[in-house]
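Working notes, structure below.
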Amino acid sequence: MPSPLRLPPALVTHVARPLALAAALLALPAAHALEIAPDTPQIDTLDRINRSGVIRLGHRESSMPFSYMDRSTGRPIGYAVDLCARVVTHLRRDLKRPDLKIEWVQVAAADRIPALLDGRIDLECGNTTNTAERRQKVAFTVPHFLTGAKILSKKTVGIDSLDELEGRRVAVTRGSTGEALVKEQARLRRNAPQPVPVRDNAEAFTTVDRNAADAFITDDILLLSFKANASNPADWQLNSRMLSVEPLAIALRRDAAWQKLVDAAMTRIIVDGEINAIYNRWFMQPTPPRNVVLNVPMSPLLRASFVAPSSNAAF
């Protein structure tokens, strides 16, 4: 096994630094936290699970370190993948169905919400942001990570702000909050940035690496992971300031009975401290594919949110 690659703390303090805006939003009363739309036609999730004996979990292909494929085993791995697996462990007990099986289903950013709505998956185990727009269609359980959008570019390009994106080509994953941010900037600016939509995060990084785009915008922790796993991390830079606040959570169908069980399972994982070992596994220890240690301690804000876990946190 190669020696772990450890990122210097200076590169990752932006992740651990508390976000005042996020703290204020976490404090919102529950009455303002959920923007409820009329229920869409529902699948009776628990009935289907009890009849089939299968829980379908959606995973991503290249959202390191949350949800991605381990090419050596052909299986999904990551922080969100492990959390979903632990949720299922609790559900087996709560439903008195120790025989429940997991079926992993790969989804992309563009079809993860439709996959929940049409029943292809029961939980989406990726890096999905809990937003007001998405809450009109699906539900979210307790946030398991707090992040924000940033810009990744080559040092030879050196983009450090939204202003410097003017007239630039920006790789964005279809269906992501990064895509929405770039489209909004294009609407507001005379010399608009040019979105380069791609299928997934790995393709977005490759697009910049091959100089087919000047920058890539997504969650900063994903960008940090791509930078760390690059053939030459020193060739890349992240901009200095967060562009948004992104609470990441497992998404699920708007099904009250199903959400109650998933929320209870996720709350136990947090309150009982199970989440600490899972977090450390993916952010403080060597991870595939290059044995990189991201060196991102749990932020004070995330730790504080775990004191009283709630799926009602709104951003």
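Count of the range 49-69 residues, restricted to those that are open to solvent by less than 40 Å² (accessible area, probe 1.4 Å) and more than 21 Å from residue 198 (Cα to Cα), is 5. When you scan the range 264-281, do you find a residue that is of a type in the set (Phe, Trp, Tyr) and in contact with a helix residue (DSSP H, G or I) (Cβ under 6 Å, 6 or more places away or on another chain), even just one? Taking every residue of the range 264-281 in turn, none turns out to be of a type in the set (Phe, Trp, Tyr) and in contact with a helix residue (DSSP H, G or I) (Cβ under 6 Å, 6 or more places away or on another chain). In the set 89, 45, only one residue is of a type in the set (S, T, N, Q), open to solvent by 20 Å² or more (accessible area, probe 1.4 Å) and at pLDDT 95 or above; that residue is 89. One residue stands out among those in the range 189-203 that are assigned to a helix (DSSP H, G or I) and touching an Asp or Glu at 6+ places or on another chain (Cβ under 9 Å): the one that is farthest from residue 149 (Cα to Cα), which is 202.
Got a number for residues in the range 204-263 being among the aliphatic types (A, V, I, L, M) and in a helix (DSSP H, G or I)?
Here the count works out to 12.
The condition (being in contact with a helix residue (DSSP H, G or I) (Cβ under 6 Å, 6 or more places away or on another chain) and either modelled with pLDDT of 95 or more or closer than 27 Å to residue 234 by Cα (or both)) is satisfied by just one residue among 105, 172, 182: 172. Looking across the range 113-129, the residues that are surrounded by fewer than 24 Cβ atoms within 10 Å (Cβ to Cβ), of a type outside the set (Asp, Glu) and in a loop (DSSP other than H, G, I, E, B) come down to 119, 120. With respect to being closer than 30 Å to residue 195 by Cα, open to solvent by less than 40 Å² (accessible area, probe 1.4 Å), outside any loop (DSSP other than H, G, I, E, B) and modelled with pLDDT of 95 or more, residue 269 falls outside the description. Modelled with pLDDT of 95 or more, in contact with a helix residue (DSSP H, G or I) (Cβ under 8 Å, 6 or more places away or on another chain) and more than 23 Å from residue 57 (Cβ to Cβ): is that true of residue 152 in this structure? When the stated conditions are applied, residue 152 passes them. For the range 292-309, the criterion of being assigned to a loop (DSSP other than H, G, I, E, B), farther than 27 Å from residue 90 by Cα and open to solvent by 30 Å² or more (accessible area, probe 1.4 Å) is satisfied by at least one residue. Screening the candidates 258, 236, 282 for the property of being open to solvent by less than 50 Å² (accessible area, probe 1.4 Å), of a type in the set (Phe, Trp, Tyr), in contact with a strand residue (DSSP E or B) (Cβ under 7 Å, 6 or more places away or on another chain) and closer than 20 Å to residue 80 by Cα yields one hit, 258. Only a single item in (1) touching a Ser or Thr at 6+ places or on another chain (Cβ under 9 Å); (2) in a loop (DSSP other than H, G, I, E, B); (3) of a type in the set (A, V, I, L, M, F, W, C); (4) modelled with pLDDT under 95 is not met by residue 142, and it is number (4). Screening residue 185 with (1) under 22 Å from residue 113 (Cα atoms); (2) in a helix (DSSP H, G or I); (3) in contact with a Pro (Cβ under 9 Å, 6 or more places away or on another chain) gives one miss only, at (1).
Taken over the range 133-173, the residue count meeting the criterion of being surrounded by fewer than 16 Cβ atoms within 10 Å (Cβ to Cβ) and closer than 22 Å to residue 108 by Cβ is 3.
Scanning the range 145-175 for residues that are under 19 Å from the mean Cα position of the chain (by Cα) and part of a loop (DSSP other than H, G, I, E, B) returns 148, 174, 175.
The values are calculated or read from the model by the stated rules, or taken from the named source; none is laboratory data. All of these numbers come straight from a predicted model, not from anything done at the bench. Neighbour counts are summed over all protein chains in view; Cβ atoms, including those assigned to glycine, are modelled from backbone coordinates with ideal geometry. For the accessible areas, the whole protein counts, side chains as well, though only heavy atoms, and no ligand, DNA or RNA atoms are used. Shrake-Rupley method; radii C 1.70, N 1.55, O 1.52, S 1.80 Å.
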